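This report refers to the structure that appears directly beneath it.
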Amino acid sequence: MQFLFRKVAKFPKVVIVMVVLLTVVFGFYAGRVGITTDIKSFFPEDHPQVVSYDEINEKFGGADRIMVALTTSDVFSLTSLSTIEQLTHELEQISGVTNVRSLTTIDEIAGSEWGIDVIPLIGEIPTEQQELATLRERVLKDDMYVGTIVSSDATGALHVVEVDPGSSAVEVALSIQELLESIDVTGGQLYLTGTPVLNAVLADSMQADLMKLFPMVLLLVAVILFLYFRNLRGVILPFITVLISVVWTLGLMGMLGKQLSPLNAVMPVLLVSLGSAYGIYMIARYNDELLEGADREKAVSQTLKSVGISVFLAGTTTIAGFASNVSSSITLMKDFGLFTAYGVLVALLISLTFIPALLLLLPVPKKVAAKGGNGQDRTLAKVLGRIAHLVVAKKRSVLVTMAIILVIAVLGIPQLSTDSNFFNFFADDTAPKIAYEMVKDKFSGSESVEIVITGDLLDPDVLHAMENLQTDLEQTGLVGRPQSIVNILQRVNMALNDGDPAFEVLPATRELAAQYLLLMEMSGGEMLEQFLTLDYGQARIQALVRDSSNEATTRLFSEIDMLFAKYFVHLDVEVAQTGIVALLDALASMIIEGQISSLFMALLTVFVIVLLLLRSWEGSLFSTIIVASTILINFGVMGWLGIPLDIVTVLISSIGVGVGVDYSIHIYTRYQEERQKHDPAQSVTNAIIHTGKAIVTNAGSVIAGFLILLLSSFPPFRYFGSLVTMTMFVASASAMLVMPALILLRWERQTTNGKGVVEQS
C-alpha cells in the first residue's frame, strides 16, 4: 500500500484527470444500455431448448404468440362478431403480424363434390337471430374451437396473433396495446396477454422503477453518510466512488452490447451500497488519523497503510464472490456476476487511488468530529461497547444462540421452492395478471407446450401414437385440447364421409394419409402449415397449458416423458418438447443448479483468497463459516415464509457471500492490528468498537438503500429488498458477535491446551 501511496502522492492530479476522462468515455456508452426481458436471454445461444424453440418458430410460426381476448355477454351477437371482425382486420395491419386467428378467420374442413373444401368457419356475419343461434350451436358443440378460440359459455373470444420470427415481438405487443387503447368496446372488455406482452410490461415497469427508486436510494444513502460524518466531504467522496463505479459498469455494458434485465436491474442499487462502503472506511480512518495529530499527507499514508489493506482484502473477496457466478449456466447470472465484480473493482480502485488523491489536494477540514464527540456517536460507542462486553463475557452463549438460529433456519430449507413464471412477478390487481388469469379461466391458457415429432409421419403407427399421446395428455387436465395433423386428418376423413362423426378417425393406411394431406394442400387451406413441414418430415403437437407454475409444468413434462416411453419407444422417430413453458421449466432447473454450483465456488474462492491474503487459517475459516451461515439462514427464512427462488431472489446468495464477508474481514484485520498491543479480550473489544462504527454505517446504508425497493411495483424487487436487508443484518451482526466469539474461544482453547489442561467438551 505504501507503494501505491507514493505513486498517488507523486501524481495526484494525473490520477484525477485520468479518472475524469475515463468516466466521460464510459458515460457516453452508459446511455446505450437498454432493458431486455426476453426469456431466451437467460440461456446460452446454443442451449438445446433455445435451439428447439427457434427451430419450431421458424418452421411452423406461432411460438411468439400474443392473445387479445374479448369478453362480452354473448360472443355470437351481431355486435360482438362485428367487433371481432373489425379488431381482426386492424390487428392484421400491424407491422410484424403474420397471422391472426379468430372466429372470423379460422377455417373448417367440409366435404365437396370433388373431395374437400377448406372454407371459413364464418363467411359473412349473419344478421338474423336464427342464423346467429345456429352458428352459436354449431361452434359450441365443436371441441376444435371451444377453449381455444371461444369460451364454453360463449362470453369470451380470442384473437391469437402470430408474430414474424424476424420482427420484435415486444414491439408488436406495444403496437397492439396502443391499438386497444383506441378501441371502445360497447358492452365488453378487451384483454391483452402472452409472453411478448409480459416482456413489454416488465421492461416498462423496470425502467419506471429504476428512474424512481435509484434517486431515492442515492438520497437516503447521502443522509446516512451525513449523519455519520457530519460534513459534506464525508458525503461527497463516497458518492464519487459509487457514481463512478455505476457509470463505468453501465458504460462497459454499453460497449459490449449488454442490457439490463430483471436479474441485473438491481445492480446500480447494489453498487451504490457496496461502493460507498470503501469510501466510508477510508474517510473514517483518515479522520481518526487527523484527530491523532497527523498532517494531511501522513493521515492519507496511514489510512492506506492500515485500513487500505482491509479494504483491498474485502474488495478482493467481494469481487471473487460475485465473479464465482461465472460457473452458473444462466447467461444473465454470469453477466450479473462479472459486471458486478467489475463495478466493485472500479469502486475499490477509486477508493484506493482517486479518493486519496483528492484528500491530498483538498485542505484539511477545519473541524473533524471527535471520536464519540456527538450524541449519536457516543450512543453508538456505548452500544458497541456493550456488544463487546457481551461477547467477551458470554462467548459460548453467543455461539450457542447462533447455532440454534441456524438449525431452525435449516429446517425451512426443504420448503424452499423455485418460480420461473414471469406472470407471478405481478400483483393480482395489475392488468397483466388480470388478463393472464382471465385467459387461463375462460380458455386453455396463454402459453403452449410444443411437441415435435421427426420421422415417417405417414406411418399409421406414428399417427396413432400421436393420437394416443394427445388423448392421454388432455385427460391429465394440465392442458387444453392438443392440436396436430392428427386432428386435420380426422376431420378430412369425416368430411369425405358426409360429415358423419363416426368417421372422425385416422386413415387406416399410409396411402390414404398421403392422399388426405394432398387434398389439404390442393384446397389452399393454411392450417396444415401450422403443424407439418412441407417435406412431411416434422410435425408438431401444440397444446395450451392451463397452469404454467413450476409445480404444474414439472408434472406436465413428467407426464409427457411417460407418454413418450409408452407410445413412441418402439417407433423410429425422434420426439422433443419445447415452447415457452419448456423454457420456463428449464430455467427453474438452471436456477437450482446455478445456485448450488455458484455458491460452492464462491465459498471456496473466498476461503482461498482470505487464506492467501491474511495468511491465517483461523481468519479464513471463521469468515467462511459466518458467510455460509448467513446464506443458510437466508434460504431457511425464504423457505419458512414461502418466498421462492426466482430470477431476482436467486442473487441473494452471491450478495451474501460478496458483501457479508467484508464485515468479517474488517473485524478480523482490526483484531490482528490490535493484537500487537493488547490481549485478545481487549483486542476484540477495540475491534468491535472502532470497526463496528463503520460496519453499522455501511450496513445501515445498504439496508436503507435496499429497503427503498419495497416501494417497487415489481414483487421480486420487493422480496429482494427485504432479503438483502435481512442478509446484511445477519452478516453484520455475525461479524460483530460470532467472529469475535470464535476468536476468543479459539484463543481460550489454545491457552488451556498450552498449560497442559485437557479440553472439556
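Kindly indicate whether any position in the range 707-714 is free of Cβ contacts under 8 Å to residues at least 60 places away in the same chain and not hydrophobic (A, V, I, L, M, F, W, C). No, because not a single residue in the range 707-714 is free of Cβ contacts under 8 Å to residues at least 60 places away in the same chain and not hydrophobic (A, V, I, L, M, F, W, C).
No other residue among ILE625, ILE596, ILE633 is crowded, with 22+ Cβ neighbours inside 10 Å and either of a type outside the set (Phe, Trp, Tyr) or more than 30 Å from LEU225 (Cβ to Cβ) (or both) apart from ILE633.
Contact map, the range 738-752: first residue farther than 13 Å from ILE688 by Cα, second residue not in a helix (DSSP H, G or I), Cβ cut-off under 8 Å, separation 6 or more or different chains; pairs are ARG749/GLU759; THR752/GLU759. Taken over the range 56-79, the residue count meeting the criterion of being at pLDDT below 85 and either surrounded by fewer than 18 Cβ atoms within 10 Å (Cβ to Cβ) or not hydrophobic (A, V, I, L, M, F, W, C) (or both) is 7.
In the condition set (1) in a helix (DSSP H, G or I); (2) modelled with pLDDT of 90 or more; (3) farther than 17 Å from MET144 by Cβ; (4) not β-branched (Val, Ile, Thr), ALA539 is compliant with all but (1). Of everything listed in (1) in contact (Cβ under 8 Å) with a residue 12 or more places away in the chain; (2) assigned by TED's automatic domain parsing to the domain that holds GLY477; (3) surrounded by fewer than 24 Cβ atoms within 10 Å (Cβ to Cβ), the single unmet condition for SER620 is (2).
Of the residues screened, ASP472 is not one that is part of a helix (DSSP H, G or I), in the same structural domain as HIS570 (by TED's automatic domain parsing) and over 24 Å from SER446 (Cβ atoms). More than 24 Å from the chain's Cα centre (by Cα), part of a helix (DSSP H, G or I) and either surrounded by fewer than 24 Cβ atoms within 10 Å (Cβ to Cβ) or free of Cβ contacts under 8 Å to residues at least 40 places away in the same chain (or both) - does that describe any residue in the range 753-761? Within the range 753-761, one or more residues are more than 24 Å from the chain's Cα centre (by Cα), part of a helix (DSSP H, G or I) and either surrounded by fewer than 24 Cβ atoms within 10 Å (Cβ to Cβ) or free of Cβ contacts under 8 Å to residues at least 40 places away in the same chain (or both). Regarding the range 455-463, can at least one residue be identified that is touching a residue at least 40 places away in the same chain (Cβ under 8 Å), more than 20 Å from GLN542 (Cα to Cα), assigned to a loop (DSSP other than H, G, I, E, B) and among the hydrophobic types (A, V, I, L, M, F, W, C)? No: the range 455-463 contains no residue that is touching a residue at least 40 places away in the same chain (Cβ under 8 Å), more than 20 Å from GLN542 (Cα to Cα), assigned to a loop (DSSP other than H, G, I, E, B) and among the hydrophobic types (A, V, I, L, M, F, W, C). Of the helices (runs of 4 or more DSSP H) lying entirely inside the range 1-99, those containing at least 3 residues that are in contact (Cβ under 8 Å) with a residue 60 or more places away in the chain and over 30 Å from THR241 (Cα atoms) span 48-59, 78-92. Could you please find all residues in the range 604-659 being within 25 Å of PHE426 (Cα to Cα) and of a type in the set (A, V, I, L, M)? Those that are within 25 Å of PHE426 (Cα to Cα) and of a type in the set (A, V, I, L, M): VAL637, MET638, LEU641, ILE643, LEU645, ILE647, VAL648, VAL650, LEU651, ILE652, ILE655.
Scan the range 414-433 and tell me whether some residue there is at pLDDT 90 or above, under 38 Å from the mean Cα position of the chain (by Cα), in a helix (DSSP H, G or I) and surrounded by fewer than 16 Cβ atoms within 10 Å (Cβ to Cβ). Yes, because at least one residue in the range 414-433 is at pLDDT 90 or above, under 38 Å from the mean Cα position of the chain (by Cα), in a helix (DSSP H, G or I) and surrounded by fewer than 16 Cβ atoms within 10 Å (Cβ to Cβ).
Matching residues to (1) crowded, with 21+ Cβ neighbours inside 10 Å; (2) modelled with pLDDT under 85; (3) closer than 19 Å to ILE244 by Cα:
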| site | (1), (2), (3) |
| --- | --- |
| LYS305 | no, yes, no |
| ILE309 | no, yes, no |
| LEU313 | yes, yes, no |
| ILE319 | yes, no, yes |
| ASN325 | yes, yes, no |
| PHE354 | yes, no, yes |
| PRO365 | no, yes, no |
| VAL368 | no, yes, no |
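When the range 161-199 is examined, which residues are found to be modelled with pLDDT of 90 or more, buried (at least 22 other Cβ atoms within 10 Å of the Cβ), closer than 18 Å to THR36 by Cα and not β-branched (Val, Ile, Thr)? Selection gives ALA173 alone.
The values are calculated or read from the model by the stated rules, or taken from the named source; none is laboratory data. As the structure is a computational prediction, the values presented were derived from the model and not from experiment. Neighbour counts are summed over all protein chains in view; Cβ atoms, including those assigned to glycine, are modelled from backbone coordinates with ideal geometry.
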